[in-house]
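Written out below as structure tokens is the structure these notes cover.
Only the coordinates and a few stated rules stand behind these numbers; no lab work does. From a predicted model like this one, the values you see are computed outputs, not experimental measurements. All Cβ positions, glycine included, derive from the backbone under ideal geometry; neighbour counts span all protein chains shown.
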Amino acid sequence: MESITSFISDHSLWGVLVAIVAVSIVVSILKSLVRMAMIVAVIGLVLVVFFNFKPEEVIDKGKQIADSGSQLLAMGSDDNLISTITSGDFWIKKENGETIIEIESLGIRYSLDQLFSQLQQDRENKIEELDQMVDQ
């Protein structure tokens with residue numbers, strides 16, 4: 001450790017470069033964490049607004065996912081890691097010519113047509129509410 005500090009004090013240009021690299025690494029990690037948090041927040045918002053989940057349910061499910069992620073990290077480089085990740089309760093599959101999206105633990109099962117029609121209905125309802133507000 002002393003040799004590193006003496007090298008940096010002797011060669012101040014290298015010290016500045018090392019500091020810049022360290023700061024840029026920390027900033028990139030923080031940016032990635034903020035992006036990830038925004039994605040999680042948008043997913044939670046969609047579940048609450050469009051799928052009529054209670055916020056408490058979404059928070060509890062998030063805690064469960066975080067716990068399972070912690071367990072996966074604790075497993076390290078175990079051979080069962082890939083099978084644990086792929087054996088989740090989220091499926092996208094074809095049934096009778098339709099694409100089905102299913103999340104078993106949340107009790108969600110939609111065909112893409114149902115999902116898009118529900119989103120279209122919600123959109124039309126919001127537009128109708130806005131039109132009524134404008135008319136008033």
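Remark on Ile100: its backbone amide H falls under 5 Å from those of Lys93, Lys94, Glu95, a criterion applied only to residues 5 or more positions apart or on other chains, H modelled at 1.01 Å from N.
Note: relative contact order over the range 89-136, using C-alpha pairs below 8 Å and six or more positions apart, is 21 percent.
Sorted ascending by nearby beta carbons within 10 Å, beginning with the fewest, Met38, Met1 become Met1, Met38. For Ile108, the residues 5 or more places off, or on other chains, whose built amide H falls under 5 Å of its own are Ile103.
Direction-averaged shadow area of the convex hull around the Cα atoms of the range 1-50, nm²? Write out the running numbers ahead of the final one.
On the way: hull surface 17.0 nm².
So the mean shadow area of the Cα hull is 4.2 nm².
With θ taken as phi - 60° and the Karplus curve 6.51 cos²θ - 1.76 cosθ + 1.60 applied, the whole-hertz 3J(HN,Hα) list for the range 118-130 is 5, 5, 5, 4, 4, 5, 5, 5, 5, 5, 4, 4, 5 Hz, x standing for glycine and proline.
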